[in-house]
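Let me begin by presenting the structure, written as structure tokens, before commenting on it.
The values are calculated or read from the model by the stated rules, or taken from the named source; none is laboratory data. Small disclaimer: the values here were computed from a predicted structure and weren't measured. We place every Cβ from the backbone using ideal geometry, glycine too, and count neighbours over all the protein chains shown.
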Amino acid sequence: MAVTVVDIAKKATVSVGTVSRVLNNSPSVGSERKQRVLAAMKELDFRPNRWARGMRKDSMREKTGQIAILVINRPNTDLHQAYMMQYIHGVQQEIATAGRKCIFATWNEESDGDAIPLVLLDGEIDGVIAKGFPHTEIGKQWLSRYPKIILNSPSVPSDCDCVMVDYESGIHDCVAYLASLGHHRIAFVDLPGFHTKLLGYRHAVNELGLDVDEGLIQVRDIPVPLKSTSDLDWAIENLWSLPKPPTAILSHDFFCSAIYKALANRGLKVPDDVSVIGYDNVLACCGTLDPPLTSMDIGAFEVGKAAAKQLLEHIANPQDRSRKIYIQGQLVERDSVRDLSIKETT
């Protein structure tokens with residue numbers, strides 16, 4: 001059986017990342033650890049032919065027919081999201097149609113230390129579709145050795161191909177939908193850092209002549225997933241302390257259950273007293289709420305397909321300039337929004 005970098009790491013009592021840095025001639029490895037790694041390589045008669053394939057910039061000379069789907073730095077969060085499986089399904093369908101195979105792996109730099117995923121070390125892939133991006137320089141270096149597409153991540157280097165959910169357009173459409181039903185005071189509840197979502201909200205409010213009130217914007221760090229249904233009580237308290245509370249609330253699907261409960265605690269009913277609309281269209285949330293939640297479907301399956309298609313094009317034409325592709329979502333209407341434009345008759 002061929003010796004691997006894992007075998008070397010165990011023999012030298014160092015991490016796989018340390019072995020990778022030694023093989024990469026990184027100056028960050030101390031001389032004592034470097035000598036242990038070199039001694040282990042010699043003792044185990046390590047032949048780095050597979051490693052060399054991973055190190056090679058022009059890895060397209062040896063096609064393997066395999067594509068890696070790599071979840072970076074947020075595996076515990078992303079893997080519990082329903083849309084992640086839709087991303088993967090879209091990628092797999094497009095890759096299978098092209099006669100290739102997918103390898104799935106996770107990589108959490110914080111918990112795994114400096115260990116580089118074997119899927120990158122072994123060089124047995126033609127390219128990577130990455131959900132997330134490495135923080136460390138050595139991680140960035142290893143990912144850079146392969147054609148790659150970054151999949152819907154908030155921070156993407158300008159020189160990377162990526163496929164993104166068009167949150168700005170989707171949030172804009174949610175607000176426009178509510179406005180078409182007579183809502184003028186629309187609240188926005190979200191996590192900080194998602195600037196495109198807030199930009200879409202502000203753009204729609206200004207464009208449609210709705211009530212501009214900073215008090216309607218409730219953005220704060222919220223635990224994901226929520227630790228309890230009371231984690232959003234602060235947002236509802238703030239909104240109902242305004243002289244004129246909102247007639248509708250826009251938030252993430254995962255937060256809407258807590259919003260429903262906080263509203264119920266105030267004696268408010270959805271949608272009779274206040275409408276609620278979500279985004280991502282997570283069926284486990286939308287379908288179980290009473291009433292079922294109207295939500296913006298982000299098109300995760302189409303995002304996955306587009307990412308796979310773009311990666312295959314990048315592999316075939318590595319000289320092409322990097323591109324950003326935005327996939328628009330589609331609103332799924334259910335029963336959580338009231339039409340205020342309909343005048344009740346007596």
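Listing for the model above:
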quantity	calculated
Filter pass, V163 being touching a residue at least 12 places away in the same chain (Cβ under 8 Å) and closer than 26 Å to H195 by Cα	yes
Residue selected from the stretch 93-146 under the condition under 20 Å from the mean Cα position of the chain (by Cα), among the charged types (D, E, K, R) and buried (at least 19 other Cβ atoms within 10 Å of the Cβ), by the criterion nearest to V71 (Cα to Cα)	K131
In the stretch 179-218, the residues that are of a type in the set (F, W, Y) and more than 19 Å from V337 (Cβ to Cβ)	F194
Selected residue [closer than 16 Å to L250 by Cα, out of contact with any strand residue (DSSP E or B) (no Cβ under 7 Å at 6 or more places or on another chain) and in contact (Cβ under 8 Å) with a residue 24 or more places away in the chain] from H183, H203, H135	H203
Spans of helices (runs of 4 or more DSSP H) in the stretch 93-193 with at least 2 residues hydrophobic (A, V, I, L, M, F, W, C) and farther than 25 Å from K324 by Cα	118-121, 167-180
When residues of the stretch 182-220 are limited to those that are touching an Asp or Glu at 6+ places or on another chain (Cβ under 6 Å) and surrounded by fewer than 16 Cβ atoms within 10 Å (Cβ to Cβ), the one farthest from V156 (Cα to Cα)	V219
Count of residues meeting criterion [surrounded by 15 or more Cβ atoms within 10 Å (Cβ to Cβ) and either assigned to a helix (DSSP H, G or I) or touching a Lys or Arg at 6+ places or on another chain (Cβ under 8 Å) (or both)] in the stretch 314-342	2
Condition met for L210 (of a type in the set (A, V, I, L, M), in a loop (DSSP other than H, G, I, E, B), at pLDDT 95 or above and more than 18 Å from the chain's Cα centre (by Cα))	yes
Matching residues, the stretch 264-285, being within 26 Å of I298 (Cα to Cα) and not β-branched (V, I, T)	P271, S275, G278, Y279, D280, N281, L283, A284, C285
Any chance D173 is among the charged types (D, E, K, R), in contact (Cβ under 8 Å) with a residue 40 or more places away in the chain and under 23 Å from Q86 (Cα atoms)	yes
Selection from the stretch 263-296 of residues that are among the small types (G, A, S), at pLDDT 95 or above and over 22 Å from the mean Cα position of the chain (by Cα)	A264, G267, S275
Pairs with Cβ under 7 Å, 6+ apart, first in the stretch 73-99 and closer than 15 Å to S153 by Cα, second of a type in the set (A, V, I, L, M) and modelled with pLDDT under 70	T77/V224
Single unsatisfied condition, I315 versus (1) under 19 Å from S169 (Cβ atoms); (2) aliphatic (A, V, I, L, M); (3) touching a Pro at 6+ places or on another chain (Cβ under 6 Å)	(1)
Enumeration of residues in the stretch 83-92 that are surrounded by 15 or more Cβ atoms within 10 Å (Cβ to Cβ) and either at pLDDT 90 or above or not aromatic (F, W, Y) (or both)	M84, Q86, Y87, I88, G90, V91, Q92
Search result, residues across the stretch 281-313 that are part of a loop (DSSP other than H, G, I, E, B) and either surrounded by fewer than 22 Cβ atoms within 10 Å (Cβ to Cβ) or of a type in the set (A, V, I, L, M, F, W, C) (or both)	V282, G287, T288, L289, D290, P291, P292, L293, I298, G299
Residue in the stretch 253-261 that is assigned to a loop (DSSP other than H, G, I, E, B) and within 19 Å of I222 (Cβ to Cβ) present	no
Exclusive hit being under 22 Å from G123 (Cβ atoms), at pLDDT 90 or above and of a type in the set (D, E, K, R), set K57, K101, K63	K101
The stretch 177-206: number of residues that are farther than 17 Å from A235 by Cα and touching a Lys or Arg at 6+ places or on another chain (Cβ under 8 Å)	1
